[in-house]
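None of the figures in this text is laboratory data; all of them are computed from the coordinates on show. Treat the numbers as computed from the prediction; the structure is a model and nothing was measured. Cβ placement follows ideal geometry from the backbone for every residue including glycine, while neighbour counts extend to all protein chains displayed.
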Amino acid sequence: MLRNIQRFSRESSTSPKQKQRYKSCWIKNIFPGKAKMDTVEREGCKLKFMDGSMTVFQLKRKGLKASRCSFTKENVDVTFKIGQSFSYKAHKQLLKECIPYFTGMFSDNFQEAELSDINLSEEVEAHAVMKLMNFIYKGTFEVITSEVQSVFQLADQWGMTAVKEVCSFFMTRELDASNCLDLLQLSELYSCESLTKACHEIITQQYPAVSYSNAFLESPSASLMRILSFPNLNSGPLGEDFVFESVFRWMQHDPMSRRECLPHLIKYLNLSAVTVEMKNKWGEECMRFDELEETPECMPKRHKQHFIVFCGYLQSRTGPSSPRTPTVEKFDPDSNAFQPLQKLPECPSYGMALSLFGKIVFLSITVGTDPKSDRRVDHMQVWSYSPLLDWWKPVPEIFSVAARERLISCLVNDGAVAHCPLTNKIYGVSLDGSICITVTCTDGDVYCDIDHQLPSLTSDLEENHVGFTAMCHQGRLYVLGGFYGPLLERMCSRTVLCLSQDRESWERKADMLIPRTNCSAVGNGDCIYVTGGYGGNDPRRRQQTCEVYNVKMDEWRWFPSLKQSRSHHCTVAANNQLYTIGGKSYASQKLMGGWHMGGARIVSDFVEMIEPDNPNAEWDRIARMTKSRCHFSTLVI
């Protein structure tokens, strides 16, 4: 594609030393060596995590090592037994020193002090005993996800607080929508406040996925009431409609016994925010629907939206060897400030952030060179971000191999990717072929696979038409603008296409007021707002102008202009406000009459905000990112 030719032509001016440095960086990203091991210190122990396992090393053991040397195989004086299948020989004195449970048992005041055999319950796992014995004898043990609960339970029974806490931390790292309800029961049963708090946060953040788990459907009504009462419950793009529907899905799991619980559950919903269509959808399923309408409403506080900015380029040149950033930052509308989050583990050449049933996922594509063949290689990694622990985890299993390959081809070859959370579809749009990927959630686990091919764009767009914007609004896919023609004679486009309801053809909508490329578009209410980009009378000049499209009327009108010309930026809608973020712009200086454009290209860190429903509103500069960036990705959560 034309844009890639531009990028690789710039690389020819890079010095051999710079090329080698960038090549080394590519090799590191695309051909990694051993998996990275996370290391943290907690409860006087060093914890190492890798590939679903945790290794625990006790710190400061020098003072205890000498006393342990006196314990040999010859002087063991007690044996642990689990039925007839397991036995483990140990030393009473060491157990008494290291394990609170045995400190009391082996004291002179108890009859058990004379016992030589300790018969453990058959519910105790043998591997849990072995690991705790390894810890007191050697100061270390390793545990995997399938074993950690049994070690946690035994550590609690024996009063080994440090081991219980590190196991709790391991389970916190492995928390997701599929297991948080089960682990919540475990944490409450064993009075583990840290794990309980973590489970509450996962339920709040990923409620859309949690509500599709088997544990949710099997929850008693009291548990569901408590979940619905959580503050800032993330209800997803459907808002209170989704929460309302999730309650009725829970009821359908056992309608005979659960229908009578509905009046109590409805008290935890904001019925005034539920649409008439959603109420009518479930009216036939509920025998007491009319009574529910009259139930006094409680006004629970739902999730307030904020947005996150991911990665991007640091300079106006955005070729594969141009400087990029792995930094991530979140905007808090209450404090009107950006907060740095954990960096992405790699610097992507292309990226796309998605919220899949409440899970924050980032598609990272790195363009590099195979060190053996010296040919270009495009590598894609899928990362999941945990707001709870502020860390990234690779989750390639979320996407099928076919879906990953098509998304790579789409993003690298000047296509566009759009996500529709209302229909749980991801669209890859390109002249070379467009696809629809379906996002499913089964028992809290998200999976994305190709559903079908979309109709070709070649009959509706010019040859070599690139730089268009793809976005979803009210369940429909739109393609706007772009440019075509030779580099020095390129023509920007005003074309707007919408995928038909049956996804069999493209519908031509009213043209934009001016031609645009590399602009940003976002939906809010019944309108689509388009900001900035190249276009107008000069296809190589960045725009401050904005326009708004009325979906029902199929017509465009002007919208207040930005304070700053922008392209390769992002505009998002959150809490019924529009935010325009970063991008490429021009150098400027503040004079008496306002901001005047200079000629030099810059990358912006400014954010502008406007209230779209206010007819007298104008864009206002409200905040600055911690790092200037362009050609990046944003996500409203």
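Some notes on this structure:
- A Förster radius of 60 Å, combined with the Cβ-Cβ distance separating residue 75 from residue 332, puts the computed FRET efficiency at roughly 0.45.
- Rounded to the nearest 20, the Cβ-based charge dipole of the stretch 488-553 about its Cα centre (Lys and Arg +1, Asp and Glu -1) stands at 260 debye.
- DSSP beta bridges confined to the chain are antiparallel in about 95 percent of cases.
- The protection proxy used here, the mean number of other Cβ atoms lying within 10 Å of each residue, ranks peptides 442-450, 566-574 as follows, highest first: 566-574, 442-450.
- Working ranking of peptides 476-485, 335-344 by packing, defined as the average number of other Cβ atoms within 10 Å per residue, highest first, is 476-485, 335-344.
- Relative to the Cα centre, the charge distribution of the stretch 40-174, modelled as +1 at Lys and Arg Cβ and -1 at Asp and Glu Cβ, gives a dipole magnitude of about 760 debye.
- Structure-based [θ]222 nm, the chain - -39500 (n - 2.57) summed over DSSP H runs of at least 4, per residue, nearest 500: -7500 deg cm²/dmol
- Ordering 488-498, 161-171 by mean Cβ neighbour count within 10 Å, with the highest value first, yields 161-171, 488-498.
- With a Förster radius of 41 Å applied to the C-beta separation of residue 140 and residue 438, the computed FRET efficiency comes to 0.35.
- Three-way shape label, the stretch 457-559, alpha-carbon gyration tensor, a/c 1.5: oblate
- The label-point distance for residue 489 and residue 558, in a model that sets each label 7 Å from Cα toward Cβ, rounds to 3.2 nm.
- The stretch 419-434 - phi-based ³J(HN,Hα) in whole Hz, Karplus 6.51/-1.76/1.60, Gly and Pro as x: 10, 10, x, 5, 9, 6, 10, 10, 10, x, 10, 7, 5, 6, x, 10
- Spin-label model distance (nm) - residue 53 vs residue 273, 7 Å beyond Cα toward Cβ: 4.6 nm
- Under the simplified labelling scheme, the residue 613-residue 304 pair shows an inter-label distance of 1.7 nm, with each label point 7 Å from Cα along Cα→Cβ.
- Under the shape rule built on the C-alpha gyration tensor, where the axes satisfy a ≥ b ≥ c, the stretch 297-361 is prolate, since a/c reaches at least 1.5 and a/b is greater than b/c.
- Rounded to the nearest 20, the size of the Cβ-charge dipole of the chain about its Cα centre is 3680 debye, with Lys and Arg at +1 and Asp and Glu at -1.
- For the pair residue 86 and residue 222 in one chain, pulling the backbone fully straight at 0.36 nm per residue adds 44.9 nm over the alpha carbon distance.
- Positive-end residue of 501, 559, 478, charge dipole of the stretch 457-559 with Cβ unit charges: 559
- Calculated FRET efficiency, residue 462 to residue 601, Cβ-Cβ distance, R0 = 22 Å: about 0.25 to the nearest 0.05.
- Within the stretch 422-458, backbone nitrogen closer than 19 Å to the virtual label 7 Å beyond the Cα of residue 409 toward Cβ: 426-438, 448-458
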